[in-house]
Structures are given as C-alpha cells and as structure tokens.
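This report concerns only the one structure given below.
The values are calculated or read from the model by the stated rules, or taken from the named source; none is laboratory data. Note that the structure is predicted; figures quoted are calculated from it, not measured. Every residue, glycine as well, gets a Cβ built from its backbone with ideal geometry; the counts of neighbours run over all protein chains shown. When the accessible area is computed, the model is the full protein with side chains, heavy atoms only, and any ligands, DNA or RNA have been set aside. Shrake-Rupley method; radii C 1.70, N 1.55, O 1.52, S 1.80 Å.
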Amino acid sequence: MLAAFTFNTAENLPVGLLEIISESLRVSVSAVGLLVTGYGVTVAVTSLPLAHVMRAVPRRHVLTGLLAALVVSSLVAALAASYWLLLGSRLLTALAQALFWAVMGPVAVGLFAPEVRGRVVGALSVAGSLALVLGVPAGTWLGRQTDWQVPVATLAGLGLVSLVTIAVLLPTSRPEEERAAYGSSPDARRFGIVLAAGTLSATGAFAGFTYITKFLGDVSGFPPGTVTVLFVVFGVGCLVGVSITGVLLDRFPYGAPATAVATQAVGMLGLYAAGTDPVAAVVFLVLMGGALGPVFMTTQNAMLHCAPGRTDMALAANSGAYNAGIAAGAALGGLVLSLDNVRGAFLAGGLLTIGACAVLLGGRLLTGSVARTGS
C-alpha cells in the first residue's frame with residue numbers, strides 16, 4: 001500500500017508543481033506538462049513487454065528492484081539541474097511503475113484466502129487514491145514552502161521504507177507457483193470484454209477530466225480558489241468510491257465494473273447537461289470522482305478472475321490499455337475543445353463511457369446466450 005501510494009504520488013506530483021519547476025529550470029509550463037504525459041505514455045507502451053521479459057523472475061526480487069529504481073530516480077530528479085535529466089529520471093520511474101502494477105496485484109492477493117481477495121485489491125486502490133487526496137496536495141504545499149526538489153526527495157524515503165519491508169518480509173517463490181499466478185475462472189472472451197470496456201471508459205473519463213479546471217471555471221462559474229477546493233472534493237469522492245467498492249468487490253465481482261462505469265457516465269453527462277448550476281456541478285463531480293478509481297480497480301480485480309493465462313500478463317495488459325486510454329482521452333478532449341467548447345468534451349467523454357457500458361452489457365448477454373446454447 002505504501003509503494004502504491006508513493007508511485008501514484010510520484011506520477012501526479014508535477015501537476016501541482018508545474019509553475020515552480022518551470023521557473024526553476026527555465027522551461028515552458030507545457031514542457032513540464034510532458035513530465036506527466038510522457039510518464040503515462042511510457043507506462044502504456046512498456047507494461048506488457050516488461051511483464052513478459054520479467055515473467056520468470058521471483059516477485060520479491062522484481063519488487064525490490066522496482067522500488068530501488070523508484071528510490072534512485074527520485075534522488076536523481078531531486079538533484080536534477082536540467083530539464084532533460086529530470087525528464088530522464090521521470091521515465092525511469094515510469095518504467096518501474098509500468099511493471100509494478102502488473103506484479104503487485106498477484107503478489108498481494110496471493111497472500112490471502114480467495115474469498116477476501118477483493119478487499120485486498122480495495123486496500124491497494126485506497127492507497128493509490130490517497131496519493132491524489134493526500135500525497136499530491138501535501139507535496140504541492142511542501143514544494144511551495146521550500147522548493148520542488150524537497151517533496152521529490154521525500155518520495156525516495158517512502159520508497160526506501162517499502163523496499164526494505166518487502167526485501168525482508170516477502171517470501172521468495174517462482175512466479176508460476178504463487179497462489180494468484182493464474183486466473184481463478186479463465187475466460188478469454190470476458191478478458192477481451194473487460195479490457196475493451198476499461199480502455200473506452202478511461203478514454204471517456206480523461207476526455208473531460210483533463211479539462212475539468214476550465215469546465216469548473218468557464219461553465220460552472222467557480223473562482224480559481226474554489227476550483228482548488230473542488231479538486232480535493234473530487235479526490236475524496238474517489239477515495240470513498242474505492243473504499244465502498246472494495247468492501248463489496250468479493251460479493252459482486254461481475255457487477256462491480258458495470259456499476260462503476262455507469263456511475264462515471266452519469267457523472268460526466270450530468271456535468272454536460274447541468275454543469276452551469278454550481279450545486280449540480282458539485283454533485284456530478286463527486287459522482288465522477290466516486291467512479292474514476294473504482295473503474296480501474298474493478299477491471300484489475302476482474303483480470304485476477306478471468307485472465308486466460310498468467311495474471312501478471314493480464315494486469316499488465318489492463319494497465320497499459322488504461323494508460324493508452326488516458327492519453328487518447330486527453331487528445332480527444334483537446335480536439336473537441338478546439339472545435340466546440342469544454343462542455344462538448346464532457347459530452348464526448350460521457351458517450352464513450354456509455355459505449356463502455358454497452359460493451360460490458362453485451363458481454364454479459366453474449367455469455368448468457370452461449371451458456372444457454374451449451375446447456
């Protein structure tokens with residue numbers, strides 16, 4: 001959980017420090033923005049290849065190596081005197097995170113009985129969500145009080161604690177011998193359905209969320225100071241969403257993804273339709289926040305069930321596809337913004353999310369039809 005919190009904080013911390021890093025390194029704000037965009041693209045492209053290359057290495061060794069890379073890259077970033085050195089260190093962190101999400105899930109849930117594995121996935125997701133609610137705001141405050149290098153160096157300390165803990169306490173075993181190495185109910189069709197729905201949902205979510213600041217200011221009429229508070233509200237909604245979903249995930253593993261995606265669709269289309277009213281905007285913003293974390297969380301949990309082969313490969317594919325959706329969504333939202341307005345970005349995102357719901361529903365109907373035909 002600490003490692004998940006640290007990686008997610010590292011990924012998103014530059015968002016809160018854009019202007020400070022820009023002034024310190026004498027580069028444009030858009031160039032600093034590439035520290036986040038390049039990070040996501042790296043995770044999307046390398047997740048599956050890295051998981052394949054490292055498939056035979058004991059997970060304890062892999063995790064300690066990944067956390068060592070996080071510690072080193074964070075220290076290099078904190079000492080970076082040039083933009084390119086900072087960018088290089090960020091890409092090293094991204095490479096570590098790409099494999100971390102594929103390996104972490106099977107290792108963690110494999111330590112527990114199958115009937116509580118959903119709660120384990122929920123705990124890990126809560127830790128990841130805390131990065132947005134606590135890690136990034138705290139890092140931003142610390143960076144503004146001191147310098148941007150201080151919170152970056154702090155991440156190295158958190159990573160070191162995780163590294164030592166895992167190196168000392170985690171058992172060493174061959175990856176294929178771990179209890180969650182393979183899906184509990186292998187199903188290639190469901191794997192493809194969940195992967196497609198998750199990608200569509202991520203594309204839809206980030207077509208709007210990337211430009212949420214502009215929406216809340218231009219459409220809902222909130223002043224800049226209030227928008228900052230609403231970001232915290234959004235993060236709290238995400239935290240509450242993953243907490244509730246984690247409790248119910250073991251009981252409703254198949255219905256949870258559809259519920260999360262449908263909630264996201266309601267939030268996005270509600271913002272499009274009623275976002276000019278401040279109260280309605282807050283309500284639908286919370287709904288969207290309450291769904292964003294659970295969507296990824298429930299698809300990751302589904303991979304542990306339906307993976308047609310190794311779960312680490314399935315989780316790597318899901319993480320890569322989700323991050324590709326993030327990049328595609330940001331690009332789509334930008335295109336809609338240039339052709340129409342920021343409300344149009346939320347309409348496009350909401351429609352894509354409805355498409356994700358249709359994929360999940362169609363998959364359930366197809367599975368039921370096949371089962372009846374087979375019987």
- Note on the structure: For the stretch 117-192 the chymotrypsin sites (Phe, Trp or Tyr not before Pro) that pass both the DSSP coil test and the at-most-10 other-Cβ-within-10 Å test are none
- Alpha-carbon radius of gyration plus Dmax, which is the widest Cα pair, for the stretch 96-218 in Å: 18.7, 55
- Quick shape summary for the chain, equivalent ellipsoid via Cα gyration tensor, semi-axes whole Å in descending order, reads 30, 29, 17
- Item | Highest-first arrangement of 348-358, 197-207, where packing means the average Cβ count within 10 Å | 197-207, 348-358
- Task: Report ³J(HN,Hα) in whole Hz for each residue of the stretch 191-198, in order, from the Karplus equation J = 6.51 cos²θ - 1.76 cosθ + 1.60 where θ = phi - 60°; Gly and Pro get x.
- Result: 4, x, 5, 5, 4, 5, 5, x
- If each Cα of the stretch 325-366 is one equal point scatterer, what is log10 of I(q)/I(0) from the Debye formula at q = 0.19, 0.20, 0.28 Å⁻¹? -0.59, -0.62, -0.89
- Item | For the stretch 255-375, alpha-carbon Rg and Dmax in angstrom | 16.5, 53
- Task: Between residue 179 and residue 55, with labels modelled 7 Å along Cα→Cβ, what's the label distance in nm to one decimal, could you check?
- Result: 2.4 nm
- Item | Computed [θ] at 222 nm, deg cm²/dmol, the chain (DSSP H ≥ 4; -39,500 (n - 2.57); rounded to nearest 500) | -27500 deg cm²/dmol
- Task: Provide the per residue accessible area, probe 1.4 Å, for the chain, rounded to a whole number of square angstrom.
- Result: 42 Å²
- Taking protein heavy atoms only, a 1.4 Å probe, and rounding to whole percent, the accessible area of the stretch 140-298 owed to carbon and sulfur comes out at 70 percent
- Item | By average C-beta atoms within 10 angstrom, highest first, the peptides 322-335, 259-272 | 259-272, 322-335
- Message: With the alpha-carbon atoms as the only input, what is the per residue convex hull volume for the stretch 106-178 in Å³?
- Response: 97 Å³
